[in-house]
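One structure is given here, and the rest of the page talks about it.
Derivation of every value follows stated rules applied to the coordinates shown; laboratory data play no part. Here the structure is a predicted model, which is why all the values come from computation and not from measurement. Quick reminder, even Gly has a Cβ in these numbers, built from the backbone with ideal geometry, and neighbours come from all protein chains shown.
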């Protein structure tokens, strides 16, 4: 897990784009990676949460939910 986080930190520091998703209508404020590295969740100011299944060749969205508090 620490290696995964270190790799992500290096990519962000070098401003390298790994992949780009267009799941939200507004800016993303939160990103979380599952412990096994297979899923990524993103939260946006458009009040939605999107979850992606991460694969080596392509990613796919597995869900998008509106959030109301």
- Sorted on mean Cβ neighbours within 10 Å (highest first), peptides 49-55, 25-31 come out as 49-55, 25-31
- Message: Suppose R0 equals 22 Å. What FRET efficiency, 1/(1 + (r/R0)^6) with r the Cβ-Cβ distance, do residue 66 and residue 38 give to the nearest 0.05?
- Response: 0.35
